[in-house]
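Okay, so here's the structure we're looking at.
The values are calculated or read from the model by the stated rules, or taken from the named source; none is laboratory data. As the structure is a computational prediction, the values presented were derived from the model and not from experiment. Cβ atoms come from the backbone with ideal geometry, glycine included; neighbour counts cover every protein chain shown. Keep in mind that these areas ignore ligands, DNA and RNA; they rest on the heavy atoms of the full protein, side chains included. Shrake-Rupley method; radii C 1.70, N 1.55, O 1.52, S 1.80 Å.
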Amino acid sequence: MGTLQVFKLTLILGCFGSIAEGLGVNWGTIASHPLPPKTVVQLLKDNGIKKVKLFDADSNSMSALAGSNVEVMVAIPNNMLSMMTDYDTAKKWVNRNVTSYNFDGGVNVKYVAVGNEPFLSSYNGSFLNVTLPALENIQKALNEAGVGSSVKATVPLNADVYNGDLPSAGRFVTDIADLMTQIVTFLNQSGSPFVVNIYPFLSLYDDANFPFDYAFFDGGSNTVNDNGIVYTNVFDANFDTLVSALKAVNLGSMEIIVGEVGWPTDGNINAKAAYAQRFYNGLMKKLASNTGTPLRPNQYIEMYLFGLIDEDSKSVQPGNFERHWGILKYDGQPKFNMDLTGQGRDVTLVPAKGVQYQSKTWCILDPKAQNQTAIGNNINYACTFADCTSLGYGSTCNGLDSSGNASYAFNAYFQDQSQVDGSCDFQGLATETAQDPSTAGCNFTIQILLDSFGYRVLVPVKAVLFHVFVSVFFEMLW
């Protein structure tokens, strides 16, 4: 799309209605049992999604995307940024992960994401000195490889790199203002977009007094008046704060892409499928109506939904909701009705096809178990290695009784370990069952089968001393 202020958004027609070509999704793979890459790519195609953003350059994902014509934003993880300050290394990375796929029937790489939110405060400045040199080297390598006019390097940034009491007062934060000015100047000179991640959900999560409806697009009752410009939702206000920050460094017309935007469905009192459905319904209608934002009216905004599929192995340091951002469940099945055309139709996404599951066997607390005092340590053990975030306060399985909590934890571990022999023991407290223990609001999952891309490390479950260790470790984590 170049660096034009107006974001053209071509509509494609098909059995899914008209889907915005500028609408993409983030494909994360931090899962214990990831879907096969080819299944995911077919899922994208079945839903008419033409753009995907990756968090690495995994060869399996890239190979699956070959020939699909899906536009790809491939990525260099933060832990590789320092390596990219060496130009020869950057050149080799581009040759291996971009130009090697640049052939008829190859991968349609459009962007290279150099890091991901590298200036988060939690990184303690680790990437401040390496991000810009890495960005410059990658773009230089793209140019020298002859693809620089069609493939652009950029840096996806969190919205915390700018602030302002009102959108019109937006400025880059003082601590990194000079660095941000250098980065956006380079991006502009290279014809690359500014990629920003905007999360209205986090506004609620971070501030108990944040007006709830202002996080959505249909609230109306909560507004912000900025010198006569009325903002009815925090997404528009956040986006325009960035526009003002760019304008303050004389780049007010720079192209902006929203690299991540979404709403989680579990792991927090405000992370619910109903809220996610409400958020996406408003977001899709906004895109379809071509409204833009007050400072950039009547424009489509290119954006990538976060994310495509739940990732049950992500870090929960930011919050338990981190494992539940997907618009699809772990197995590629829809969570709620969602119309990507923005017409508000009561339809669901096309689910993943051909998914194979483990046997219909669950692991639960044995009603006859005698060693009741060991249950706590064994729950801690299970939840150290498996995903128990749905048991947290305000989450979908928070209402289970003590036996239900134990059964959920035991089953989570049992499925995480691919139902291997010995993984449903827990010092004699657990037993396998063919009767589904799920409740109306709490699903006890059956994991999918791993394909040739899967990799598991099976952890022994009967080492009593290790139980004590992970119990302490679990308390440290939580």
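Name the single residue that is most open to solvent (accessible area, probe 1.4 Å) among those in the stretch 266-320 being of a type in the set (V, I, T) and modelled with pLDDT of 95 or more.
By that ranking, first place goes to I269.
So which residues in the stretch 288-340 are part of a loop (DSSP other than H, G, I, E, B) and among the acidic types (D, E)?
Of everything in the stretch 288-340, those that are part of a loop (DSSP other than H, G, I, E, B) and among the acidic types (D, E) turn out to be E302, D310, E311, D312, D331, D339.
Specify the residue that is surrounded by the most Cβ atoms within 10 Å (Cβ to Cβ); the eligible residues are those in the stretch 211-226 that are within 13 Å of N270 (Cβ to Cβ) and touching a residue at least 60 places away in the same chain (Cβ under 8 Å).
Going through the qualifying residues, I end up with A215.
Out of the residues in the stretch 138-172 that are out of contact with any Ser or Thr (no Cβ under 9 Å at 6 or more places or on another chain) and surrounded by fewer than 16 Cβ atoms within 10 Å (Cβ to Cβ), which is nearest to V261 (Cα to Cα)?
Ranking the candidates gives D165 first.
Name the pairs: first residue in the stretch 136-148 and within 15 Å of D86 (Cα to Cα), second residue surrounded by fewer than 17 Cβ atoms within 10 Å (Cβ to Cβ), Cβ to Cβ under 6 Å, at least 6 apart or on different chains?
As it stands, the answer is N137/Y87, since those pairs meet every condition given.
Is it the case that the stretch 374-386 has a residue that's touching a strand residue (DSSP E or B) at 6+ places or on another chain (Cβ under 9 Å) and either in a strand (DSSP E or B) or β-branched (V, I, T) (or both)?
There is at least one residue in the stretch 374-386 that is touching a strand residue (DSSP E or B) at 6+ places or on another chain (Cβ under 9 Å) and either in a strand (DSSP E or B) or β-branched (V, I, T) (or both).
Scan the stretch 194-207 and tell me whether some residue there is among the acidic types (D, E) and in contact with a strand residue (DSSP E or B) (Cβ under 9 Å, 6 or more places away or on another chain).
no
So, Q343, is that one within 15 Å of the chain's Cα centre (by Cα), at negative phi and surrounded by fewer than 19 Cβ atoms within 10 Å (Cβ to Cβ) or not?
Spelling it out, it is not the case that Q343 is within 15 Å of the chain's Cα centre (by Cα), at negative phi and surrounded by fewer than 19 Cβ atoms within 10 Å (Cβ to Cβ).
Here is a yes/no grid of residues against (1) among the polar types (S, T, N, Q); (2) farther than 23 Å from V52 by Cβ:
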| site | (1), (2) |
| --- | --- |
| F239 | no, no |
| E255 | no, no |
| I269 | no, yes |
| Y275 | no, yes |
| T291 | yes, yes |
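If I go through the stretch 58-77 residue by residue, how many of them are more than 10 Å from N108 (Cα to Cα) and open to solvent by 20 Å² or more (accessible area, probe 1.4 Å)?
Of the residues in that region, 5 qualify.
I'd like to check something: does the stretch 359-366 contain any residue that is of a type outside the set (D, E, K, R) and closer than 30 Å to G282 by Cα?
no
Of the residues that make up the stretch 115-124, is at least one open to solvent by 10 Å² or more (accessible area, probe 1.4 Å) and more than 25 Å from the chain's Cα centre (by Cα)?
no
Considering only the stretch 349-369, state which residues are surrounded by 13 or more Cβ atoms within 10 Å (Cβ to Cβ), touching an Asp or Glu at 6+ places or on another chain (Cβ under 9 Å) and not aliphatic (A, V, I, L, M).
P351, Y357, T361, W362, C363 - these are the residues of the stretch 349-369 that are surrounded by 13 or more Cβ atoms within 10 Å (Cβ to Cβ), touching an Asp or Glu at 6+ places or on another chain (Cβ under 9 Å) and not aliphatic (A, V, I, L, M).
V94 - would you say it is touching a residue at least 40 places away in the same chain (Cβ under 8 Å), more than 30 Å from N227 (Cα to Cα) and open to solvent by less than 10 Å² (accessible area, probe 1.4 Å)?
Taking the combined requirement at face value, the residue satisfies it.
Can you tell me how many residues in the stretch 378-401 are under 17 Å from A440 (Cα atoms) and open to solvent by 30 Å² or more (accessible area, probe 1.4 Å)?
Counting residues in the stretch 378-401 that are under 17 Å from A440 (Cα atoms) and open to solvent by 30 Å² or more (accessible area, probe 1.4 Å) gives 6.
Which one of V196, V243, V234 is hydrophobic (A, V, I, L, M, F, W, C), out of contact with any helix residue (DSSP H, G or I) (no Cβ under 7 Å at 6 or more places or on another chain) and open to solvent by less than 40 Å² (accessible area, probe 1.4 Å)?
Working: V196 fails: out of contact with any helix residue (DSSP H, G or I) (no Cβ under 7 Å at 6 or more places or on another chain); V234 fails: out of contact with any helix residue (DSSP H, G or I) (no Cβ under 7 Å at 6 or more places or on another chain).
Step by step, each of V196, V243, V234 is checked, and only V243 is hydrophobic (A, V, I, L, M, F, W, C), out of contact with any helix residue (DSSP H, G or I) (no Cβ under 7 Å at 6 or more places or on another chain) and open to solvent by less than 40 Å² (accessible area, probe 1.4 Å).
Residue-wise test of (1) on the phi < 0 side of the Ramachandran plot; (2) among the polar types (S, T, N, Q); (3) at pLDDT below 95.
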| position | (1), (2), (3) |
| --- | --- |
| G146 | no, no, no |
| F172 | yes, no, no |
| D178 | yes, no, no |
| I183 | yes, no, no |
| P211 | yes, no, no |
| F216 | yes, no, no |
| G219 | yes, no, yes |
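For the stretch 157-209, what are the residues that are in a strand (DSSP E or B) and either over 22 Å from the mean Cα position of the chain (by Cα) or among the charged types (D, E, K, R) (or both)?
N163, R171, F172
Can you give me the number of residues within the stretch 78-91 that are in a helix (DSSP H, G or I) and open to solvent by less than 50 Å² (accessible area, probe 1.4 Å)?
To start, the set of residues in the stretch 78-91 that are in a helix (DSSP H, G or I) comprises 78-80, 83-85, 87-91.
Now drop any that are not open to solvent by less than 50 Å² (accessible area, probe 1.4 Å), which leaves 78, 80, 84, 87, 89-90.
Here the count works out to 6.
Looking only at the stretch 408-423, which residues are open to solvent by 20 Å² or more (accessible area, probe 1.4 Å) and in a loop (DSSP other than H, G, I, E, B)?
S418, Q419, V420, D421, G422
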